[in-house]
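Please treat every number below as a calculation from the coordinates, not as lab data. Computed from a predicted structure; not experimentally measured. Here the Cβ is made from the backbone with ideal geometry for all residues, glycine too, and neighbour counts use every protein chain on show.
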Amino acid sequence: MADLVEFISMLTMRVASIAWGLFLLAWSIGWLLRGSPVPFMRVKRVGQDLIEDAIWAAFWLAIGSSVFALVSYIASSIGPTTINTTAP
Amino acid sequence: MVSIVNEALYTALALAVLSYYIGVLVLALPVPLRGIKKWAPYLMQDGLLAALFVFIFSTIIDLVEYLRNLIGGSFDELLDYLKSLYANAFGYILSLKLIGTLISSAGLQPLTGILGPLFSVATLLFSLLGLTLILASIAASLKEVMIALGILLYSLPFRIGRAAGSTLIAFAMVMYIGLPLLPAWSTMIAGSIMPPSSTAIPPPGPVTIEGCIHGDYGAPGGAIVKFRDTVSGIEHEYAVDHNGCFIATGLSANHHYAVVVEYLSHELPTVPYSIETSEAWSYMTIEVYTPSIVYPHEGVLVYLSSCNNTVVEEHDSVINVLCSVKPGTELGIMVAYADACASLQDIGGYDIREKHVRDVEWFGYNITVIDMIGYSVKDNVSVSIKPRECRIQPSLQPSDVADEDVVLDVIVSIIWYWLTITVSISSYLALLVMITIGVARALGGYYVRLPIPV
């Protein structure tokens, strides 16, 4: 079982690093689409959405561990806790 | 058990974190597909909710136990109740057979067909009792493990195990809180149903009393325990094994019985002196204590009228019973032993005033009884016995079960009672299952489907 937890933690770190890379990619593509000289509003709309989603993703990614700490704090104020946070 | 809970919770937390970051990754995907991106906030919320469940695990356990204590009932009561129903249920089958013979002897052969459904009720009753016993044992001992595993399933990403996890959590909580109320529910329903007879006779199911007899030291191996009905005087005799334990079956409910222990031709005083049986508890366990009596070996009985403390020790194949008493105290000693089991070696520290020795026969064993009155010389009186290997096993006549007049009314009320019990148990279980589904939905298990139609 401990191996499983380690595996999941390793997977989580990989996902987090991929997410950082994807944020940069999506942000760049978004600005690319937004600034492209294509005369379709749809394209610019898509570009704008990509930028917003990428910024939100970066935000949630950055404060991920803080969010889990906040949940832990809320839970401890409801009752006693037994688990330490192990978010990467 | 604790390690399963801890491992399940650690894994659940890791999965919750993974689910959150997968959600972030999906949000960061540079694809403009709304269908995929809409999963992102769900994944993140699921992760945070699962992490919350992990953190408040012990609070959930405390809440469940608090609710159970608040609502009342205990698993020990429930198990005793189910065991007594199980023991009595055979009486139901016997009464069905009896009504079958009554019908056929009255020449109404075709009417025996009506017994078919009643027998299938008996099958249902036994399977329900077995199921409830198993559920009660599971709920009582495994609630933490089930709730932890439920949280683990709940925290799987993409809501794979959400329905299963929340059902498992709900099941553990509802069974732990709800099952101990089953006896109260059954009593309420049985009390409100009037049997179709003019006299409301309670079902006279046989009562079983299990227990052990012990003295200040040891137990009377091979004794006879008698339950004497104080009203009718009928005695039921049962053999006691070499540990002093007995199982008395076939006693009647709502009767007052005096408890008597007969050992080596003596009737010994007992605590409790008498016992009252009631129809509610047809399976009872009691501890019988014979005061001031020591059983140092099988087939030996030593009575010491006043001792501050009694100690029994074995030394060089001689057993010494040491009674600590103030010097100069008047003390009565009675030693009874089967000649095959022991012989009296010596009595020390005792000034004998009167001594009577007699031989009696008890169930084929020669018993030597020595009665003495005297004074203690020192602060320790010792009775030394030389033991021999033996086994006391009195042969009893098969006990006469008191024959009650079996009237048709009584049989019908028995059948009615058991039908009511079956209905009450099945209705209560169905109620608990529906509450489980409701709690599972509330915990977030959408589209919960059970394989049984409820």
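Descriptive notes on the structure:
- Gyration tensor over alpha-carbon atoms, segment B:60-167, equivalent ellipsoid semi-axes in Å: 45, 19, 9
- Positive-end residue, the protein assembly as shown charge dipole about Cα centroid, Cβ charges, pick of B:ALA148, B:HIS255, B:ILE177: B:ALA148
- Fewest-first ranking of B:THR167, B:THR329, B:THR187, B:THR101, using other Cβ atoms within 10 Å as the exposure measure: B:THR101, B:THR187, B:THR329, B:THR167
- Shielding by partners for peptide A:71-78, expressed as the average number of C-beta atoms from other protein chains within 10 Å of each residue's C-beta, is 5.
- Spatial extent of chain B: Rg and Dmax, with the Cα atoms as the point set, Å: 32.3, 111
- Each of B:SER376, A:LEU50, B:ALA164 was placed along the dipole of the protein assembly as shown (beta-carbon charges, centred on the mean Cα), and the one lying farthest toward the positive end is A:LEU50.
- Using the Cβ-Cβ distance between B:GLN345 and B:MET434 with R0 set to 56 Å, the FRET efficiency works out to roughly 0.20.
- Mean partner shielding of peptide A:26-33, defined as the number of other chain Cβ atoms within 10 Å of each residue Cβ, is 2.
- Given charges at beta-carbon only (K, R positive; D, E negative), |dipole| of chain B in Debye: 3060 debye
- Summed side-chain charge close to B:ILE247 - residues other than B:ILE247 whose Cβ falls under 12 Å, Lys, Arg +1, Asp, Glu -1: -2
- Where the Cα pairs of the protein assembly as shown fall when distances are cut into 20 Å bins, in %: 16, 28, 26, 19, 8, 2, 0
- Compared with the direct C-alpha span, the chain from B:ILE160 to B:TRP39 gains 42.2 nm at full extension, assuming 0.36 nm per residue.
- The C-alpha atoms of chain A define a longest principal axis, and helix A:64-78 lies at about 40 degrees to it.
- With neighbours defined as other Cβ atoms within 10 Å of a residue's Cβ, the residues B:SER166, B:SER424 order from fewest to most as B:SER424, B:SER166.
- Helix A:41-62 and the longest principal axis of the Cα set of chain A meet at an angle near 20°.
- Debye intensity ratio I(q)/I(0), log10, segment B:1-89, q values 0.26 Å⁻¹ (C-alpha model): -1.13
- Averaged over peptide B:35-45, the number of partner chain Cβ atoms lying within 10 Å of each residue's Cβ comes to 1.
- Each Lys and Arg contributes +1 and each Asp and Glu -1, all at the Cβ; summed about the Cα centre of the protein assembly as shown, the dipole is approximately 4160 debye.
- Residues of segment B:342-381 with amide N under 16 Å of a point placed 7 Å along Cα→Cβ from B:GLU330: B:351-355, B:372-377
- Principal-axis tilt of helix A:2-35 within chain A, Cα atoms, nearest 10 degrees: 20 degrees
- Other residues lying with their Cβ under 15 Å from the Cβ of B:SER19 contribute a combined charge of +2, Lys and Arg counting +1, Asp and Glu -1.
- Helix-only [θ]222 nm of the protein assembly as shown, DSSP H runs n ≥ 4, -39500 (n - 2.57) each, per residue, nearest 500: -17500 deg cm²/dmol
- Protection proxy ranking, peptides B:314-324, B:136-146, B:9-19, average beta carbon neighbours within 10 Å, highest first: B:9-19, B:136-146, B:314-324
- Cysteines having no other Cys beta carbon under 4.7 Å from their own, within chain B: none
- Kyte-Doolittle mean at least -1.0 and Cα axial length at least 18 Å: DSSP H helices in chain B: B:2-27, B:39-55, B:57-71, B:75-105, B:115-154, B:162-178, B:408-443
- Signed unit charges on C-beta, dipole axis of the protein assembly as shown, positive-most listed residue B:SER274, A:MET10, B:VAL2: A:MET10
- Cα centre as origin, Lys/Arg/Asp/Glu Cβ charges: segment B:1-138 dipole, Debye: 560 debye
- Per residue, the average separation of C-alpha pairs within less than 8 Å and at least 6 apart gives chain A a relative contact order of 28 percent.
- For segment B:8-50, the residues whose amide N sits under 13 Å from a probe point set 7 Å from the Cα of A:SER36 along the beta carbon direction are B:31-32.
- Percentage, to the nearest whole number, of Cα pairs in segment B:106-179 over 16 Å apart: 63 percent
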